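*Asks:* Dropping the structure in here first, questions after.
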Amino acid sequence: MIRKTYLPGATIFFEGQPADCAYIVERGQVEICAVRDRTHITLATLGQGEIFGEMAVLDDGVRSAEARAVQETEVLIIRSDQLRRRILEAEPIVGQVLSSLIKRFRQAQTGLLSDLPTRMGTSHVVMPNANCDEIGSSGAALEWLLREYDLERGLAAGEFVPFFQPIVMIEDGSIAGFEALARWRHPERGLVPPSEFIDLGERCGLIRHIDLAIIAEACRLLRQATPAGATPFLSVNLSAQHFTDFGVVASLSKILSDTGFDPAYLKVELTETALVQDPRKAHEVLTQIKGLGVTIALDDFGTGYSSLSYLHSFPFDVLKIDQSFVRQLGKPGRTHDIVETIIMLANRMGMLVVAEGIETPDLIPPLQQLGCTFGQGYHYSRPVPASELAGLLAR
Ligand code: CMP
Ligand code: MG
């Protein structure tokens, strides 16, 4: 349930009750009140866009006051886990500030409402652990919540589907494998590209579920489309959040056994951002993933860190050179030398190279000369839906 409507005078919750959600007023008016010595005390009157019921959710305490609808009121419900997830993404200081604010507020309220029983919460707000710049205005809060609900709904409805972009042999242009790329078939918005949902998914912690849904579906579909014998590989993306615990290893293992996909043909792509936060943990997770028989590709190499120490200490099998470098090939400048050096370095280290973003045929001869194994880009093919896989493979 996302919304709830209350008639005038209806109680939303009582003082002292435990809490499992907070609310945002979408329409109408809410009175926050307390009763002392049979006297009704109005603490606040809240209108559209205002949040209430957040305190007991954040500190695991009980409701510090009663909430009731003044007029017919529609509220949007924020589940505890949604609110907590958002705070977990924020700077740790945000949790500390919230925690002390709530504690002081409860103490002050106890003093003001003389005989308020000792109903203190634990004053133990969940602690954030990453960046978040957007706990901002009530409008923004409503917006993210609605988008998060929509994302959850889409996931449950199976609206996230893989598209397949061929990865070809540079030598002769034949298809060697596919990268599975996420698309959201939205009932109202049509086919939504990842640029419009990855960030939201990362912020609300649903990105892991999206990744796994895409991987499972891609394994199933590619297996279905592939005649026995000719087996293209499948490259799938794992976002950084997977590398903070081992859950992903069991999930991948289950996907492989459920779909019957041969792990030797599965490549997991990750970017260096997945490694920076906790390199040791990421290393262990990667090692366990490799233990499933899967290979590992480092994505978007050349942008971001491009760290030689990561290249050296992580067990990558494939290096994907970012399109911003590939596109400069053949043009005057030093990019050519950089790409050449990266390919040489990769080859020396026993890694295969994929050149990303090949949009024009003039890039192919220099890549052939440089000894690049694989290529990917619009020149060969855009990402296609599963229905076009068989056609591509028969080409
Ligand atoms: P919670 O303690 O979960 O439940 C009661 C809610 O009322 C509380 O969270 C706040 O959202 C709100 N609240 C409590 N006291 C006041 C107050 N003095 N002014 C405004 N809002 C309040
Ligand atoms: Mg990728």
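The values are calculated or read from the model by the stated rules, or taken from the named source; none is laboratory data. A quick note: this is a predicted structure, and the numbers were derived from the prediction, not measured. In this analysis, Cβ positions are derived from the backbone assuming ideal geometry, glycine residues included, and neighbour counts consider all displayed protein chains. Areas reflect the complete protein model, heavy atoms only, side chains present, ligands, DNA and RNA absent. Shrake-Rupley method; radii C 1.70, N 1.55, O 1.52, S 1.80 Å.
*Asks:* Would you confirm, using the coordinates I've provided, whether residue 197 is of a type outside the set (Gly, Ala, Ser) and more than 30 Å from residue 371 (Cβ to Cβ)?
*Replies:* yes
*Asks:* A follow-up question, please. Assess whether residue 168 counts as being in contact with a Ser or Thr (Cβ under 7 Å, 6 or more places away or on another chain) and more than 16 Å from ligand 1 (Cβ to nearest atom).
*Replies:* For residue 168, the condition - in contact with a Ser or Thr (Cβ under 7 Å, 6 or more places away or on another chain) and more than 16 Å from ligand 1 (Cβ to nearest atom) - is met.
*Asks:* From the residues in the stretch 47-64 that are assigned to a loop (DSSP other than H, G, I, E, B) and under 12 Å from residue 15 (Cβ atoms), which one is nearest to ligand 2 (Cβ to nearest atom)?
*Replies:* Filtering first and then ranking leaves 53.
*Asks:* Could you please find all residues in the stretch 44-63 being without any contact (Cβ under 8 Å) to a residue 60 or more places away in the chain and open to solvent by 30 Å² or more (accessible area, probe 1.4 Å)?
*Replies:* 44, 45, 48, 54, 62
*Asks:* Select from the stretch 264-285 the residues that are within 16 Å of ligand 2 (Cβ to nearest atom) and buried (at least 19 other Cβ atoms within 10 Å of the Cβ) and list them in ascending order.
*Replies:* Within the stretch 264-285, 266, 267, 268, 269, 270, 271, 272, 274, 275 qualify.
*Asks:* Next question. Taking the stretch 336-355 as the region of interest, how many residues are part of a loop (DSSP other than H, G, I, E, B) and more than 28 Å from residue 228 (Cα to Cα)?
*Replies:* 2
*Asks:* Counting just the residues of the stretch 319-340 that are among the acidic types (Asp, Glu) and buried (at least 16 other Cβ atoms within 10 Å of the Cβ), which one comes out farthest from ligand 1 (Cβ to nearest atom)?
*Replies:* 340
*Asks:* Condition (residue is under 22 Å from residue 107 (Cα atoms), loosely packed, with under 15 Cβ neighbours inside 10 Å and basic (Lys, Arg)) applied to the stretch 19-37: is it met by at least one residue?
*Replies:* Yes.
*Asks:* Those residues that are open to solvent by 20 Å² or more (accessible area, probe 1.4 Å), touching a residue at least 24 places away in the same chain (Cβ under 8 Å) and β-branched (Val, Ile, Thr), I need them from the stretch 94-110; list them, please.
*Replies:* Scanning the stretch 94-110 gives a single hit, 94.
*Asks:* With assigned to a helix (DSSP H, G or I), open to solvent by less than 10 Å² (accessible area, probe 1.4 Å) and more than 29 Å from residue 147 (Cα to Cα) as the only criterion, which of 296, 289 stands out?
*Replies:* The unique qualifying residue is 289.
*Asks:* Hey, among 67, 34, 44, 22, which residue is modelled with pLDDT of 90 or more, touching a helix residue (DSSP H, G or I) at 6+ places or on another chain (Cβ under 6 Å), within 15 Å of ligand 1 (Cβ to nearest atom) and in a strand (DSSP E or B)?
*Replies:* When all the criteria are applied, what remains is 22.
*Asks:* OK, next. Taking residue 306 as meeting all but one of (1) modelled with pLDDT under 95; (2) touching a helix residue (DSSP H, G or I) at 6+ places or on another chain (Cβ under 8 Å), write down the number of the exception.
*Replies:* Here residue 306 meets the rest and fails (2).
*Asks:* Between a residue in the stretch 288-317 that is under 19 Å from residue 244 (Cβ atoms) and away from ligand 1 (no atom under 16 Å from the Cβ) and any residue that is open to solvent by less than 20 Å² (accessible area, probe 1.4 Å) and of a type in the set (Lys, Arg), which pairs come within a Cβ distance under 6 Å, given they are 6 or more apart or on different chains?
*Replies:* 299/320
*Asks:* Still on this structure, I have one more. Of all residues being outside any helix (DSSP H, G or I) and within 16 Å of ligand 2 (Cβ to nearest atom) in the stretch 233-263, which is farthest from the chain's Cα centre (by Cα)? Just the residue, please.
*Replies:* 233
*Asks:* Also: Answer yes or no: is there a residue in the stretch 375-389 that is surrounded by 19 or more Cβ atoms within 10 Å (Cβ to Cβ) and at positive phi.
*Replies:* Checking the stretch 375-389: at least one residue is surrounded by 19 or more Cβ atoms within 10 Å (Cβ to Cβ) and at positive phi.
*Asks:* Which of the residues belonging to the stretch 301-318 are surrounded by fewer than 23 Cβ atoms within 10 Å (Cβ to Cβ) and in a strand (DSSP E or B)?
*Replies:* 303
*Asks:* Residue under question is residue 203, and the condition is that it be among the basic types (Lys, Arg), crowded, with 19+ Cβ neighbours inside 10 Å and at pLDDT below 95; does it hold?
*Replies:* Considered against the rule, which asks whether it is among the basic types (Lys, Arg), crowded, with 19+ Cβ neighbours inside 10 Å and at pLDDT below 95, residue 203 comes out as yes.
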